[in-house]
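Quick note: the coordinates plus some simple rules give every number you see, no bench work behind them. These numbers were taken from a predicted model, which means no experiment stands behind them. For neighbour counting, all protein chains shown are included, and Cβ atoms are generated from backbone atoms with ideal geometry for every residue, glycine included.
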Amino acid sequence: MDWISLILIPAIKSVLLVVVLLTGFAYLSYIERKLVARFQVRYGPNRAGPFGALQPIADALKMVFKEEIIPLHVDRLVYVLAPALTVIPALVIWAVIPVSGGSITIFGQTITPYVADVNVGLLYILAIASLGTYGIVLAGWSSNNKYSLLGGLRTGSQMLSYELPMGIALASVVLIAGSLSLVDIVNAQSVVWFVVLQPIGFIIYFISGLAEAGRSPFDLPETENELVSGFATEYGGIKFALFFMGEYIHMITISALATTFFLGGWYGPFVGQIPILGLAYFLIKVAFVIFLIIWVRASLPRVRYDQLMRFCWKFLLPLSLLNLAVTAVVVLLVG
Amino acid sequence: MLSAVWSGSVETLRAMWITLKHLFRPPVTNQFPSEPVAVYPRFRGRHVLKRYDNGLERCIGCSLCAAACPTDCILVIAGENTEENRRSPGERYAEVYEINLLRCIFCGYCAEACPTEAIVLEHDFALATYDRWDAIITQEELLEPHEPEHIRIRDDRVWVEPRWGHIK
């Protein structure tokens, strides 16, 4: 009966993750609009349902029933494929994130709180995360339009640039944890969270994460005032919604990774006695990081493109290298 | 380099502190159709024709308002008061009184010209209609007291930056 533990349980967990993430995306768009509105002393959406809580459903219905327009000059296959390519990597990363501690045994099957404990989990994450760039670059290319192409190229170089400091910041976490597996990295934080040991690493990761997810103040890919939404210019209806979905799920993923690598994952007080608290702690920490991201969006103006590149290559990358070197020396001396 | 990093971080944190303070303030949005809009007492909105306390119309059909109107949007046709049909205290009354709101610029000259203070500009600003002809308002509409629910009259002090939380 290997197929149960090898195929059935991972499949159920994947479906659960996808459903939770897509619902999370829908409500994240509502929560973000609401929060940004309150930051700007407005109400935000409050017409659909109580407190506007049905707004995501209204938005989804509107997007689904929009007329499907494929411009004549686009490369049809790539054009249709690109939105999916941005969503899938953001979802697939979740396979290795442990959302809770311990494991449950039902009908003799041990169910772990992650889909897979990959021993090169961090490399897997970095590899998959860079795949997300393809969707956007291909969207810009296949749209056959100068704004889209510029937006796509910008996004490509932005994401490639910011992957470096992000990867190096995560490498210093790996040095302390001594493992690439996310489960081991979380377990290494049972006493002290890595945000305490790696404050600079956390800040570098957070800033690069903003740039990776295309969030303000690094939302250069979609600068509506200079590139008419960049790579998304030629997209409408549900295909546009997929880009939107990709961006928001990416944001959730970045927050979950920040939680896993720096904020102690599912660890928290009394988690040893009551295992279900682990999931709650994980969700609370993810929500906190998402709040931080929205807060930054409400506070800071968008940077210029040359500032974006200079900040990455001349400041963030040397700083992360320095951080890595110091961490390596300290780890060698202490442990 | 170091000072740039320091000042950049300080500025970023200051920006975030400001937005965080605003997060806990009540919204200033006026939810217009469900919440009334406050206008000043001297706000010039839709016209109203006034009556005396005994019910007689103040308008005496003198057409001074129409003469004063820079856009020529007022039509007054006067009729003679008789003992059986007395509508205003003077010799004449306005048999027809129409204002074309599409032409009116709400300057208030008609109210200034009026010798009996019969026509005044009151506070209604929601004047949209489905039919262009409905924008011409007649004497019957003008004579009725007109205090729609979507308007509240605020006090006449000069507007100052409201203290947050004390805005209502």
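Brief remarks follow.
- Beta bridges per DSSP with both ends in the protein assembly as shown, % antiparallel, nearest 5: 85
- A Förster radius of 41 Å, combined with the Cβ-Cβ distance separating B:Ile153 from B:Ser3, puts the computed FRET efficiency at roughly 0.15.
- For region A:243-310: Kirkwood Rh in Å [reciprocal of mean 1/r, alpha carbons]: 13.7
- Separation of region B:1-67 from region A:263-284 is 48 Å, based on Cα centroids.
- Put in order of Cβ neighbour count within 10 Å, fewest first, the listed residues B:Arg154, B:Arg51 become B:Arg154, B:Arg51.
- C-alpha center-to-center spacing [region A:78-94, region A:1-49] in angstrom: 17
- Principal axis extents of the Cα atoms in region B:47-97, from largest to smallest and rounded to whole angstrom, are 35, 21, 13.
- This model, with +1 at the C-beta of Lys and Arg and -1 at the C-beta of Asp and Glu, gives region B:37-153 a dipole about its Cα centre of some 440 debye.
- Computed over the alpha-carbon pairs of region A:71-172, the distance histogram in 5 Å steps reads 2, 12, 16, 17, 14, 12, 9, 7, 5, 3, 2, 0 percent, short to long.
- Debye-sum result for region A:68-334 in log10 I(q)/I(0), which assumes one identical scatterer on each alpha carbon, at q = 0.07, 0.08, 0.12 Å⁻¹: -0.26, -0.34, -0.74
- Think of region B:11-143 as a dipole: +1 on every Lys or Arg Cβ, -1 on every Asp or Glu Cβ, centred on the Cα centre; then among B:Pro115, B:Leu13, B:Cys73, B:Leu13 lies furthest on the positive end.
- Amide N of region A:5-27 lying under 14 Å from the label point, which is placed 7 angstrom from the Cα of A:Ala60 along Cα→Cβ: A:18-27
- Per residue, the convex hull around the alpha carbon atoms of the protein assembly as shown comes to 243 Å³.
- Assuming charge only on the beta carbon of Lys and Arg (+1) and of Asp and Glu (-1), the dipole of region A:201-262 about its Cα centre is about 240 debye to the nearest 20.
- Of the residues A:Ile290, B:Pro41, A:Leu61, the one whose Cα sits farthest toward the positive end of the charge dipole of the protein assembly as shown, with +1 on the Cβ of Lys and Arg and -1 on the Cβ of Asp and Glu, is A:Ile290.
- Dipole magnitude for chain A: about 740 debye, using +1 per Lys or Arg Cβ and -1 per Asp or Glu Cβ, origin at the Cα centre.
- Label positions at A:Leu72 and B:Glu84, each projected 7 Å from the Cα along the C-beta direction, are separated by 7.7 nm.
- Cα convex hull volume per residue for region B:1-104 (Å³): 217
- Computed on the Cα atoms alone, the convex hull of region A:272-335 gives a volume of 126 cubic angstrom per residue.
- The simple spin-label model puts a point 7 Å past each Cα toward its Cβ; for A:Phe288 and B:Phe106 those points are separated by 5.2 nm.
- Separation of the A:Thr110 and B:Val28 label points, Cα + 7 Å toward Cβ, nm: 6.0
- Pairs of Lys in chain A closer than 27 Å at Cα, counting only those 8 or more apart or on different chains: 10
- Sum of side-chain charges, B:Trp17 neighbourhood, beta-carbon under 15 Å (Lys, Arg +1; Asp, Glu -1): +2
- Kyte-Doolittle mean at least -1.0 and Cα axial length at least 27 Å: DSSP H helices in chain A: A:9-39, A:121-142, A:146-177, A:237-261, A:276-299
- Compactness ratio for region B:37-153: Cα radius of gyration over 2.2 N^0.38 Å (N = residue count) comes to 1.05.
- Largest GNM mean-square fluctuation across B:Tyr130, B:Tyr109, B:Tyr52, computed for chain B with C-alpha springs under 10 Å, falls on B:Tyr130.
- Counting only other chain Cβ atoms within 10 Å of each residue's Cβ, the peptide B:18-27 averages 5.
- Shape descriptor for region A:213-274: Rg over Rh equals 1.22 (Cα atoms; Rh from the Kirkwood inverse mean 1/r).
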